[in-house]
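Below: one structure, written as structure tokens.
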Amino acid sequence: MKVSASVRAVQVPEDNPMNPECTTIYIVGKEQVLTIDSGYAIDRYRWFLKGYLAAAEQAEIAMAAITHHHYDHSGNLKWAVQELDADVLVSKDAVPLLKGRLPRNRVERLEPGKPLKLEGGPTVHVLKTPGHSVDSLCYYIEEEGVLFTGDTMLGSTTTTVHNLGDYRRSLEQLLELPNLKVICPGHGPLVHDPRERLQTYIEHRNMRERQILEVLQRKGLTTSWDIMLELYPDIDTRLRRAADNNVRSHLTELAEQGRIKVHEGVPKKKRGPSQRAVEHARERERVIKRAKRYEEQARRAEVRAQENPPADEWKDPPRYELQGSARD
Ligand SMILES: [Zn+2]
């Protein structure tokens, strides 16, 4: 899908309730081509992107960048090198968080504040926008007014926040961008009224904070979970922990500001898992590995089979012979 003169979106449908609608890989530039975010490390993403590249693109991917380290954005970085022959660009903050997900070589450092100039394409500004995660980045093409937000701003829902103070400052920073026309989020549809939406996000956070303070006033001493249940009575139960995390990030900020007092909790002593549970987990892993190997072998065999004639269908295949001359 075309977004602007130099931006295309590959929207992969989702079934995870944390990521409504779709997870998107963006493609930027014509000669030297950059991808922003890479999807999870599951085949669907690989084939969606490959299919899109084969059907709609003449160019090859030169560089793969991500908005932050979370798995649904970085899972496929390894095959960006192996299969697309791209260089991987990551920030200093993301490196320690990407354990096991970075390829062995062709990893280059991305510096927030230092723009990426794509050959024969636009300049992409790299903005440091922590809040959703410590390493969150946004990318901005000012000449086209296109902003890539990853999970800092989503297409149709509010996001989860790791550090609320940082998050607010990041939103304010985005609101200052000149010529902003469209937001390309990591999940969900494009946002065509970016300023209004950023403003709404900021107001939404302010409203949550007021609600939390009200609950605290009404209930006295209470837990984040109970506050969450008051604030989100109808939430999909699978999203309760994410909502609780949001409440807690507000509480942390309020505590830092000295507006609330924290009565420290007492953590449970962690008991190690039983020997049987360990065995069970190991066996499970072995079975999953084996199943994956079979699946991969079957896939390869199917691809290989395309190279040769269908010998299992014919003892002797039909043959064709010209009647008269080829010029008739
Ligand atoms: Zn994320």
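Taking region 132-161 as the range and being within 9 Å of the ligand (Cβ to nearest atom) and not polar (S, T, N, Q) as the test, the residues that pass are HIS132, GLY150, ASP151.
Only a single criterion out of (1) surrounded by 11 or more Cβ atoms within 10 Å (Cβ to Cβ); (2) without any contact (Cβ under 8 Å) to a residue 60 or more places away in the chain is not satisfied by GLU307, namely (1). ASP85 - would you say it is assigned by TED's automatic domain parsing to the domain that holds PRO185 and on the phi > 0 side of the Ramachandran plot? Yes; evaluated as a whole, the condition is true for this residue. Taking SER170 as the residue in question, decide whether it is surrounded by 17 or more Cβ atoms within 10 Å (Cβ to Cβ), of a type in the set (Gly, Ala, Ser), at pLDDT 95 or above and within 13 Å of the ligand (Cβ to nearest atom). No, not satisfied. Please specify each residue of region 1-53 satisfying the condition of being touching a helix residue (DSSP H, G or I) at 6+ places or on another chain (Cβ under 6 Å) and surrounded by fewer than 17 Cβ atoms within 10 Å (Cβ to Cβ). Listed by number, the list holds a single entry, PRO17.
Across region 50-58, not a single residue is classified as within 17 Å of the chain's Cα centre (by Cα) and among the aromatic types (Phe, Trp, Tyr). Please go through region 155-201 and give me each residue that is of a type in the set (A, V, I, L, M, F, W, C) and either touching a Cys at 6+ places or on another chain (Cβ under 8 Å) or free of Cβ contacts under 8 Å to residues at least 60 places away in the same chain (or both), ordered by number. Of everything in region 155-201, those that are of a type in the set (A, V, I, L, M, F, W, C) and either touching a Cys at 6+ places or on another chain (Cβ under 8 Å) or free of Cβ contacts under 8 Å to residues at least 60 places away in the same chain (or both) turn out to be LEU171, LEU174, LEU175, LEU177, LEU180, ILE183, LEU190, VAL191, LEU198. ARG218 fulfils the conditions (1) in the same structural domain as SER6 (by TED's automatic domain parsing); (2) over 22 Å from ASN163 (Cβ atoms); (3) surrounded by fewer than 18 Cβ atoms within 10 Å (Cβ to Cβ) except for a single criterion, (1). A single member of SER38, SER74, SER4 is more than 17 Å from the chain's Cα centre (by Cα) and within 21 Å of ILE183 (Cα to Cα), and it is SER4. Taking region 8-123 as the region of interest, the helices (runs of 4 or more DSSP H) fully inside it that hold 3 or more residues being away from the ligand (no atom under 16 Å from the Cβ) are 43-56, 77-82. From the list HIS187, HIS250, HIS204, the lone residue that is outside the structural domain of THR160 (by TED's automatic domain parsing) and surrounded by 17 or more Cβ atoms within 10 Å (Cβ to Cβ) is HIS250.
The sole residue among GLY272, GLY265 that is small (Gly, Ala, Ser) and within 22 Å of LYS219 (Cβ to Cβ) is GLY265. The residues of region 142-185 that are small (Gly, Ala, Ser) and touching a Ser or Thr at 6+ places or on another chain (Cβ under 6 Å), listed by number, are GLY150, SER170.
The values are calculated or read from the model by the stated rules, or taken from the named source; none is laboratory data. Keep in mind that what you see is a predicted model, and the values were worked out from it rather than measured. Virtual Cβ from ideal backbone geometry, glycine too; neighbours counted across all protein chains shown.
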